[in-house]
Amino acid sequence: MKIAHIIRRFTFREWGGTESVVWNIALQQKEQGLLPEIICTAALDKVGCEVIDGITIKRFPYFYPYFPMPGKDRLALDKKGGNPFTPELLKYLREGAFDIFHIHAGGRIANYSIKLGKALRVPCIMSLHGGACAIPENEMKLMLKPLKHKFSYGGIIDRVLKMRKAPESQADLLLALSNEEVGKLKTCYPGKRVELFPNGILHRELPDAGSFRKKYGIPEDKKVILCISRIDYQKNQKILLELLKNISGTHLLLIGPVTARWYYDEILETAEKLKVKEHLTIIPGLKPDSTDLLQALKTAYCFILPSRHEPFGIAALEALDAQVPLIASAVGGLKDFLIDGKNALLFKDNDCGSLLEAYNKIEMVREDLLAGSKVTLQEYNWQSIALKLTNIYRELQK
């Protein structure tokens with residue numbers, strides 16, 4: 001079975017949750033004897049083909065249909081929220097003799113892929129990694145900010161190609177990350193087949209922390225509060241600076257690619273204003289297999305994921321797997337697998353008082369949290385999840 005994993009961007013330079021999901025599924029499918037390919041635009045990377053661990057990755061030219069489109073706005077759309085045209089990608093899909101189109105993107109890429117799939121009689125599955133029906137309105141406005149005061153000619157092309165319908169309404173099957181998303185999709189698209197399909201994790205042994213603290217200038221006598229996620233307004237790292245202001249003996253470590261530069265700058269400005277800058281270290285992105293990333297988990301006193309909106313939260317699973325006490329905001333898909341006091345400590349969205357209360361409980365419930373995390377992880381492993389996905393593919397082919 002030849003599978004096209006169609007994604008807006010896929011780069012090892014700026015790794016995120018969607019990339020992690022697609023990569024792990026592809027690796028498991030290869031182990032099953034299937035033939036997965038990852039097909040994407042060259043956003044944040046370069047046009048061409050590479051093969052890594054036996055997985056073919058093809059990246060194609062693309063453009064955003066707006067004028068003007070200066071480099072900074074193009075980069076912002078590449079990082080988050082872009083809705084490009086990519087004709088060569090679609091040509092490759094047409095000629096690639098694929099048995100399944102598994103679409104991990106929205107917008108035009110999804111729409112055109114589904115239209116092509118219907119013409120070729122190839123089943124089309126659409127995974128909603130970004131929580132399309134659950135993105136807060138204010139977040140959507142920020143995401144689309146680079147398009148303000150620009151002339152859009154994309155709508156003309158969309159109308160000519162008859163691409164005005166939502167791709168979610170056209171796919172054969174929708175896969176959602178959370179129960180919240182499943183409910184919203186069923187409301188938005190009555191009669192559409194929607195299934196809950198969570199993310200997973202493969203266990204990783206952590207190396208000794210070694211000289212990690214020295215390398216990044218983190219004092220040996222400070223407890224490390226760790227947050228691994230995109231540096232982005234959605235992830236709400238600024239609230240961790242408020243926490244830092246209210247506790248002593250700690251050092252905040254933020255690791256992740258910068259997807260909103262203005263938010264990164266706000267973090268630095270806020271740290272200066274709250275006089276906690278000397279207790280903050282930001283590492284703007286590490287490769288997923290980086291030794292430094294694993295050593296950071298080994299060094300952490302606790303892991304905090306303060307997202308305002310979270311379709312699932314793979315970073316939370318990574319914290320559980322690393323046996324690091326986890327604190328997370330009670331939002332989105334996190335509520336499906338995190339139970340307050342059992343495998344994590346949950347706090348009210350964007351409420352620093354609630355976050356501080358959770359932090360102060362860590363020592364009292366540490367052992368309970370670590371025991372509970374082991375139980376949770378048994379339900380979220382990539383091998384069983386990928387096998388379930390293969391069974392779905394075969395069912396759709398009948």
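Every number in this text was worked out from the coordinates using simple rules, so none of it is lab data. Predicted model only: the values in this text are computed from it and were never measured. Using ideal geometry, Cβ is built from the backbone for each residue, glycine included, and neighbour counts are taken over all protein chains shown.
Test of understanding: what is the full-extension gain from Ser384 to Lys348, defined as 0.36 nm times their sequence separation minus their Cα-Cα distance?
Full extension from Ser384 to Lys348 adds 9.7 nm.
Assigning unit charges at the beta carbon (Lys, Arg +1; Asp, Glu -1) and nothing else, what dipole magnitude in debye, to the nearest 20, does region 212-377 show about its Cα centre?
In debye, rounded to 20, region 212-377 gives about 280.
Could you check the simple spin-label distance between Phe67 and Cys188, using points 7 Å along Cα→Cβ, in nm with one decimal?
3.2
Please give the contour-minus-distance gain from Gln323 to Ala97: 0.36 nm per residue of separation, less the Cα-Cα distance, rounded to one decimal in nm.
77.0 nm is the gain from fully extending Gln323 to Ala97.
What is the extension gain from Asp208 to Glu363, computed as 0.36 nm multiplied by their sequence separation minus the C-alpha to C-alpha distance, in nm to one decimal?
Here the answer is 53.5 nm.
Return the subset of Lys80/Lys374; Lys235/Lys298; Lys348/Lys388 for which the Cα-Cα distance in this structure is over 30 Å, preserving the input order.
Result: Lys80/Lys374; Lys348/Lys388 exceed 30 Å.
Could you give the nm distance between label points at Lys215 and Gln32, where each point is 7 Å from its Cα heading toward the beta carbon?
3.6
Normalised by the residues of region 212-377, what does the relative contact order come to in percent, with Cα pairs under 8 Å and at least six apart?
The value is 21 percent.
Place the peptides 61-73, 90-102, 2-14 in order of packing, highest mean first, counting for every residue the other Cβ atoms within 10 Å and averaging per peptide.
Ranked from most to least packed, the peptides come out as 2-14, 90-102, 61-73.
With charges only on Cβ, +1 for K and R and -1 for D and E, what is the dipole size of the chain about its Cα centre, in debye, rounded to 20?
With Lys and Arg at +1 and Asp and Glu at -1, about 1520 debye.
Please list 241-250, 192-201, 109-118 highest first by mean number of surrounding beta-carbon atoms within 10 Å per residue.
In descending order of packing, they fall as 109-118, 192-201, 241-250.
Compute the distance in nm between two label points, each set 7 Å from the Cα along the Cα-to-Cβ direction, one at Asn391 and one at Phe151.
5.5
What aspartates and glutamates sit close enough to Lys273 to cross-link, taking a C-alpha to C-alpha distance under 17 Å and skipping anything fewer than 8 places away on the same chain?
Correct list for Lys273: Glu242, Asp265.
Rg over Rh of region 212-377, using C-alpha atoms and the Kirkwood radius, what does it come to?
Taking Rh as the inverse mean 1/r over Cα pairs, Rg/Rh reads 0.92.
What percent do you get for the relative contact order of the chain when only Cα pairs under 8 Å and 6+ apart count?
Relative contact order comes out at 14 percent.
Would you please give the FRET efficiency between Leu75 and Ile52, computed as 1/(1 + (r/R0)^6) with r the Cβ-Cβ distance and R0 = 25 Å, to the nearest 0.05?
Efficiency for this residue pair is about 0.55.
Treating only the Cβ of Lys, Arg, Asp and Glu as charged (+1, +1, -1, -1), what charge dipole size does region 149-271 show about its Cα centre? Round to the nearest 20 debye.
My answer is approximately 420 debye.
Within 10 Å, count the other beta carbons around each residue, average over each peptide in 351-363, 320-332, and list them highest first.
Per-residue mean Cβ counts within 10 Å order the peptides as 320-332, 351-363.
Considering only Ile38, Ile157, Ile255, give the residue with the highest GNM mean-square fluctuation for the chain, with springs between Cα atoms whenever their separation is below 10 Å.
Evaluated over the chain, the most mobile residue of the options is Ile157.
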